[in-house]
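First the structure, in the form of structure tokens, and then the observations on it.
Bear in mind these aren't lab numbers, they're just calculated from the coordinates by the rules spelled out. Treat the numbers as computed from the prediction; the structure is a model and nothing was measured. Cβ atoms come from the backbone with ideal geometry, glycine included; neighbour counts cover every protein chain shown.
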Amino acid sequence: MRTLTVPPSPDEVAQAADEISGGALARVRVEPWLRGRSHHAYLLTTPGGEQFLFKVHRRPHPGRMRRFLHLAELLSAKRVPHPAVRWYDVDKRTLEVPYYIQDFITGEDAARSLGSLSFTDQHRVGEELGTGLRTMHRVEYIDTPMPWSTELDDRLRTRAAECRFLDALDQESHATVIEHYEERRAALEGVERRLTHDDLNLANLLLQRRSDGFHFVAFLDFERARGRDPLLDLVRIESWTLPACPGMIAPFRDTYARVDDDPARRRTEIYEVYLLLAGIVWYRSNELPERERFCRDRLAEWLRTH
């Protein structure tokens, strides 16, 4: 059974925020922020009206927070649009659990804003999203000395085996997946690692309504970010996320830069099925049945065409 943190009380949060910030967050108003799935989160509002998010992991993992804090510094240095981390306590000096405090950027995620976006809004957001993702993917981020081809080989074979255990693949369909991969695996050789988000769904794209309409302002939730092939993010966002906002697709592609060489096409064909396998396993372990069903349905469709 995974260890779960006990959420601190609002009074404990206020006291810790005051102490860790050296008084900059004195007398904050603390309100539960219920939208976080992987955190106990609280909205902090100062007497002057500034707002911040206070986050505690629901399921602590050794080294996870230190890795994230290093990543947060990199995101700021490279100007990747995201809510910046302002204070943190990884050594549990001010609270019994490690936590960090980041900027609160006003707006709504794209999932909640979807019904309000005009075609002009979608076009604008698609351009801004393409620019932001291109900035992220320029960042060199090597979090393991292992070649990407070796890591992906292990990941794909393991996820395929796990999907057999979960009855998402039978013997024949498992063989189909592995054969499809083997025919294309040479295209993975020599791929350079760059910073990838790994969870680019609509809920992790923050939009802000301004006088001229909606704008993309930040990527949210970098908990799964790693140094991998940027094409992984691209395949996920183009095949899973942007179809819900068709007006974003063309401006996003034009701004990001089209990737259409032969090795990239072969890697894309690998990642299309790998993301479905990984999604089934991830969503099952995190008890998200609707998302698991989405991946299972798309995997079944993929198998019918292969």
### Summary
Computed about the Cα centre, the charge dipole of the chain from +1 Lys/Arg and -1 Asp/Glu charges at the Cβ has a magnitude in debye, to the nearest 20, of 400 debye
## Note on the structure
With the 8 Å Cα cutoff and a minimum separation of six or more residues, segment 216-305 has a relative contact order in percent of 22 percent
### Query
Hey, got the Cα dimensions of segment 1-105 along the principal axes, in Å, largest first?
38, 36, 26
## Note on the structure
Distance in nm between LEU74 and GLU301 label points, each 7 Å along Cα→Cβ, equals 3.3 nm
### Message
For the pair ARG209/GLU290, report the inter-label distance in nm, with labels modelled 7 Å from Cα in the Cβ direction.
### Response
2.2 nm
### q = 0.22 Å⁻¹: log10 I(q)/I(0) that the Debye formula gives for segment 146-220, counting C-alpha atoms only
-1.00
### Query
Convex hull over the alpha-carbon atoms of segment 177-260: what's its volume per residue in Å³?
130 Å³
### Query
How large is the convex hull of the Cα atoms of the chain per residue, expressed in Å³ as a whole number?
145 Å³
### Task
Starting from the Cα gyration tensor of segment 167-208, multiply each eigenvalue by 5, take the square root, and state the resulting semi-axes largest first in whole Å.
31, 20, 6
### Task
Just need the relative contact order of the chain here, percent rounded to a whole number, with Cα pairs under 8 Å and 6+ apart.
17 percent
### Task
Figure the gain on full extension for GLU192 and LYS92 (residue separation times 0.36 nm, minus the Cα-Cα span) and round it to one decimal in nm.
32.4 nm
